[in-house]
Amino acid sequence: MKNKRQKNSTKPRQSWTFDEYTNSEIRRAAETGIYDIRGGGSKRKLPHFDDLLFLGASMSRYPLEGYREKCSTDVILGTRYAKKPIELKIPITIAGMSFGALSGPAKEALGRGASIAGTSTTTGDGGMTKEERGQSKTLVYQLLPSRYGMNPDDLRKADAIEVVIGQGAKPGGGGMLLGQKISDRVAEMRTLPKGVDQRSACRHPDWTGPDDLAIKITELREITQWKVPIFVKIAGARPYYDTALAVKAGADVVVLDGMQGGTAATQEVFIENVGQPTLACIRPAVDALQDLNVHREVQLIISGGIRNGADVSKALALGADAVSIGSAAMIAIGDNDPKWEKEYNRIGSTAGAYDDWHEGNDPAGISTQDPKLMKRLDPKKAGKKLSNYLKVMTLEAQTIARACGKNDLHNLEPEDLCALTVEAAAMARVPLAGTNWIPGSDQKNNLT
Amino acid sequence: MGKLENLDFKKNSLRNINNFLQNIDFKKNLREFVIRNPSGNHAICAGLKEDISVNIKGHVGYYCGGMNQNANITIEGNAGTGLGENMMSGLIHVKGNVSQSAGATAHGGTIIVDGNASSRCGISMKGVDIIIKGSVGHMSAFMAQSGTLLICGDAGEALGDSIYETVIYIAGTPKSLGADCVEKKITKKDLIKIDELLNIGKIKKIKSSKFKKYGSARKLYNFKIDNVSEY
Ligand SMILES: Cc1cc2nc3c(=O)[nH]c(=O)nc-3n(C[C@H](O)[C@H](O)[C@H](O)COP(=O)(O)O)c2cc1C
């Protein structure tokens, strides 16, 4: 039959509101009766570092010679109270990713790569593995609400302790590891029966609120004899007040994770609808540190969507002392590599979009506990890739800093930046490109 | 520091007192110590490692005996929040009452409380044995993973909510049970364990036959949408 479409009929129009993805999610929910669980961070388009540009040097600022003049990158974390602060060669650390979510070899690869590049890695929900402690020169040990695998022997082996209050992907939510990934080893480290769905608590079992936290930190310092720095990790929820309270509770370092920050697994609705974008969190946190007169004394580590040296330098320019990466580190060691495309297709995904990490079927052998898949990752080769990537990021950040005339990445400042959008200008508090307008700067109380 | 009379909060700091107990010089052949005037200080005896006995003459604040390994700590008074949190081994005996979250996430060893324990006693416990001669508050044994909680008195609301493999023995009555916590049949093995705990706690007034047993129905171990109202 011939197409009866009239000459002037309108084209079929997809709804902006009910787009393809939304509709597929409605159908999936209707069929399965359970919310969508996935890994990764927010996938929607958010105001981000891409919306900022560096101005570079000009008549009034002179640049530094690219390969000749020094541009320092090292950073010391934990100078406030710890007897042994951490010294890193680069201001990019590897964020906490749990053993359980990631395989043993993947943790080992992170440790190897970070050590070559002169930076630290962080344990995660599920405790300290010998693979990671063995390879990671500087290891941060997380104290999470679940306390899986937490023990004083490992605590004393750590180079720093990170009290986790929240994660950007799920401020106010706990961890999740579904039965498929609870292998014998994971179960044993977590003191759980094999194969149960494990939902970590969202609050610490033995403290609530900043006054208690101060006492908790004292206890941790007593156990570790005031040697190692204590980090406090918060989600990008209320960055001004949360940072101020972490400082008040005695943190040496505040780790602030915006909503683009990855997670091993949680509800999609949580990832996409709770928390603030990383870009929106930095200035309020720095305000808090400055108001309390501890900026640079209490170091600020920013995470959530850091991908390259430009992101690093922008975060530092806004006042961070260092950044931390999770997702990018996974990609560097081989996560979502198109070489596994056929296998991604087989499990209903595609390279670059694969995020069902909780199911444990990762073709790249990283977010899995399946012995066969795990073998696909060579921790030495993967570690080398991570160190290459970290070095490139550092070089990129140095390139930008030199172009702005800075001999230390930490000398970058908001003054070096402009914004491409009104939103980014307001969040980063830098002028909209081509103007001297900083939206919101006329408001006295800019706190969040 | 180093002299025993200095384990006195009127004369010395928390750091010095803990440091002394954390680094015992065994050449001196002393294994018994007394702490005076604790006055509710926090983190007393946190992170002890050795097989020593410490007697604390008075009330203690938060996290007394936190992460304890091997030490035998007696508190002649009341204890604040998080007594023996994440303890690995050893013994903590409180002669008075204890506040919230006693024995939280503790992996091993034994905690004895002569009085009552407040809410969330044994929260997320991972293998410790807790003996409470009085009653416990609400949400006790919340998400408790392993180990035994023996309660001679009653329990507040939502006992054993979302419990995993911890076993609860109680002589009195729980005000209510939490999600997935159910009464279980007492076996011979249970009676032996109860007698063992009564013995450790030097409890003679109550017979093991008086206790009921509660544990996980294991219905929430794997997510099912039809159980969603339970979560
Ligand atoms: C696989 C995976 C596992 C994670 N596990 C933990 C964890 O155990 N504890 C924690 O505090 N954060 C965890 N996170 C969050 C990271 O520490 C970090 O905040 C986040 O990845 C930073 O954002 P990015 O992924 O955009 O770099 C995890 C993230 C990923 C991707």
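The values are calculated or read from the model by the stated rules, or taken from the named source; none is laboratory data. Everything numeric in this text was worked out from a predicted model, so none of it was measured. With ideal geometry, Cβ positions are generated from the backbone for all residues, glycine too; neighbour counts draw on all protein chains shown. Note: areas computed on protein heavy atoms with side chains; ligands, DNA, RNA excluded. Shrake-Rupley method; radii C 1.70, N 1.55, O 1.52, S 1.80 Å.
Strands (runs of 3 or more DSSP E) fully within segment A:79-190 that include at least 3 residues being within 14 Å of the ligand (Cβ to nearest atom): A:92-94, A:120-122, A:138-143, A:160-164.
Can you name the residue in segment B:206-224 that is more than 14 Å from chain A (Cβ to nearest Cβ) and touching a residue at least 40 places away in the same chain (Cβ under 8 Å) and is also farthest from B:L150 (Cα to Cα) among such residues?
B:I206
Listed by first and then second residue, the pairs linking a residue in segment B:5-29 that is over 19 Å from B:G65 (Cβ atoms) to a residue that is at pLDDT below 85, with Cβ atoms under 8 Å apart and 6 or more places separating them unless they lie on different chains, are B:K11/B:E5; B:D25/B:G2.
What residue, of B:A158, B:A141, is surrounded by fewer than 24 Cβ atoms within 10 Å (Cβ to Cβ) and among the hydrophobic types (A, V, I, L, M, F, W, C)?
Unique residue meeting the criteria: B:A158.
Filtering segment B:109-122 to residues that are open to solvent by 10 Å² or more (accessible area, probe 1.4 Å) and at the interface with another protein chain (Cβ under 10 Å from one of its Cβ atoms) leaves only B:R120. Of all residues in segment A:317-348, those being of a type outside the set (D, E, K, R), within 16 Å of the ligand (Cβ to nearest atom) and assigned to a loop (DSSP other than H, G, I, E, B) number 5.
Only one entry in A:A264, A:A235, A:A214 is within 14 Å of chain B (Cβ to nearest Cβ) and either surrounded by fewer than 23 Cβ atoms within 10 Å (Cβ to Cβ) or touching a residue at least 60 places away in the same chain (Cβ under 8 Å) (or both), namely A:A214.
A count restricted to segment A:121-137 and to residues that are surrounded by fewer than 23 Cβ atoms within 10 Å (Cβ to Cβ) and in contact (Cβ under 8 Å) with a residue 40 or more places away in the chain stands at 1. Please go through segment A:269-286 and give me each residue that is in contact (Cβ under 8 Å) with a residue 40 or more places away in the chain and open to solvent by 30 Å² or more (accessible area, probe 1.4 Å), ordered by number. If the condition is that a residue be in contact (Cβ under 8 Å) with a residue 40 or more places away in the chain and open to solvent by 30 Å² or more (accessible area, probe 1.4 Å), then A:V269, A:F270, A:V274, A:G275, A:Q276, A:R283 are the ones that fit.
Of everything in segment B:144-155, what is within 14 Å of B:A106 (Cα to Cα) and either part of a loop (DSSP other than H, G, I, E, B) or open to solvent by 20 Å² or more (accessible area, probe 1.4 Å) (or both)? Give them in sequence order.
Within segment B:144-155, B:A144, B:Q145, B:S146 qualify.
You will find that of A:K11, A:K7, A:K45, the residue that is within 16 Å of the ligand (Cβ to nearest atom), part of a loop (DSSP other than H, G, I, E, B) and free of Cβ contacts under 8 Å to residues at least 12 places away in the same chain is A:K45 and no other.
What are the residues in segment B:59-75 that are at negative phi and assigned to a loop (DSSP other than H, G, I, E, B), if any?
B:H59, B:G61, B:Y62, B:C64, B:G66, B:N68, B:Q69, B:A71
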